[in-house]
Amino acid sequence: MDQGWAAVIAGIAGLVGAVVGALAGGRAAVRGARIGAEVSAAAVRAQVRDQAVLAQQQWVRQERQKACLQVMDMYAVFNVESVRRREQLEAGTVLDEASLQAYGESLFNLLTVCSHLALLGPDSVQVAGGVLRRRTERFVSTLRFANEELAEDPADAMHADWAEMVAEDGQEMKLAYLEFMRVSQAVLVSG
């Protein structure tokens, strides 16, 4: 074979090798780009998911804080009205229907905001809110019974039994509120 032809054949073989190498390299580059895009898309999805979880957790924290503050605000109003009515009964003054109606509205407002806690959790706040609800309802019930007895026998000012029961129920209500505040604070501070 002629050396010229050998050089041409070697050149063609080299060219074919270069083309095949370029094609294989191009495929590898395309495959690498696809893998890179898939990994990048997965990272973006994970980041978006994590941001959504953090946003939801932040929203829940804010709503819990609002609900706990509303309970505290409503309890403050309810407690002032409770003290005033208790003092009236101890002074021998029968509570009229308008006063009891306004007091019932104050209780309703407190019970309503306590029930919002059930939506937001956690369990410890729900339980403390439930105990506070029951203790306030019991206090109001005892106060109403004391008022009825006072209305039947005004000469006896406030019967000692009722006075003691109102005082005990008031103390239990106060303790329930303090426990609610303690639990709420622990939950809100811990995040």
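The values are calculated or read from the model by the stated rules, or taken from the named source; none is laboratory data. Predicted model, so just to flag it, every value in this text is computed and none were measured. Glycine also receives a Cβ, built like all others from the backbone with ideal geometry; neighbour counts cover every protein chain displayed. We work out accessible area using only protein heavy atoms, side chains counted, and drop any ligands, DNA or RNA first. Shrake-Rupley method; radii C 1.70, N 1.55, O 1.52, S 1.80 Å.
Residue under question is Arg138, and the condition is that it be touching a Cys at 6+ places or on another chain (Cβ under 8 Å), modelled with pLDDT of 85 or more and open to solvent by 20 Å² or more (accessible area, probe 1.4 Å); does it hold? Criteria not met by Arg138. Annotation: of all residues in the range 75-87 being open to solvent by less than 60 Å² (accessible area, probe 1.4 Å) and either free of Cβ contacts under 8 Å to residues at least 40 places away in the same chain or hydrophobic (A, V, I, L, M, F, W, C) (or both), the one that is nearest to Phe180 (Cα to Cα) is Ala76. For the range 110-135, the set of residues classified as open to solvent by less than 30 Å² (accessible area, probe 1.4 Å), out of contact with any Phe, Trp or Tyr (no Cβ under 7 Å at 6 or more places or on another chain) and either outside any helix (DSSP H, G or I) or touching a residue at least 60 places away in the same chain (Cβ under 8 Å) (or both) consists of Gly121, Val125, listed by residue number. Identify the residue in the range 56-73 that is open to solvent by less than 60 Å² (accessible area, probe 1.4 Å) and among the hydrophobic types (A, V, I, L, M, F, W, C) and, among all such residues, is nearest to Asn109 (Cα to Cα). My answer is Val71.
Of all residues in the range 171-191, those satisfying the criterion of being closer than 21 Å to Arg138 by Cα and surrounded by 20 or more Cβ atoms within 10 Å (Cβ to Cβ) are Met173, Ala176, Tyr177, Phe180.
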